[in-house]
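Presented below is the structure to which this report refers.
What follows draws every value from the coordinates through simple rules; no lab data is involved. What you see is a predicted model; the values in this text were computed from it and never measured. Here the Cβ positions follow ideal geometry from the backbone for every residue, glycine too, while neighbour counts run over all protein chains shown.
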Amino acid sequence: MGEKEKALEALAAQRWRIALQLTLAMMVIYFGFILLVAYAKGAMGTQLVPGLSLGILLGALVIIAAWVLNWIYVRWANREYDEAIRRLGE
């Protein structure tokens, strides 16, 4: 196996690791929220300010977390992955 193939395999492995880490992070956030909804109804119904409960706030934060994790991946891909692919193509 040539140097380029080894470098490409290492890059693919790195991409899988990052994707898996971000996926696991999102799953923990999402299922953590679902478990709170299921088992901590009283706490989730706590009014923080009129019209805003803890559950609504955490639900919005789950959506924001998805966007942030997506941004992290895109930023990594644009800075690291694309540059490495470009170098391999030379």
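With each label modelled as a point 7 angstrom along the Cα→C-beta vector, the SER53-ARG86 pair spans 5.0 nm. Less than 13 Å Cβ to Cβ from LEU22, Lys/Arg counted +1 and Asp/Glu -1: what total charge do the surrounding residues give? Within the 13 Å Cβ shell, the charges total +3. Helical runs (DSSP H, four residues minimum) scored at -39500 (n - 2.57) apiece and divided by the length of the chain put the mean residue ellipticity at 222 nm at -27000 deg cm²/dmol. Each residue, TRP67 and TYR30, gets one label point 7 Å from its Cα in the Cβ direction; the gap between the two is 1.8 nm.
Local charge sum around LEU11 (other residues, Cβ-Cβ under 13 Å, Lys/Arg +1, Asp/Glu -1)? Surrounding charge for LEU11 is 0.
Amide H contacts for SER53 (H built 1.01 Å from N in the peptide plane; partners 5 or more residues away or on another chain; cut-off under 5 Å): LEU48. Compared with the dominant Cα axis of the chain, that is its longest principal axis, helix 3-39 is turned about 10°.
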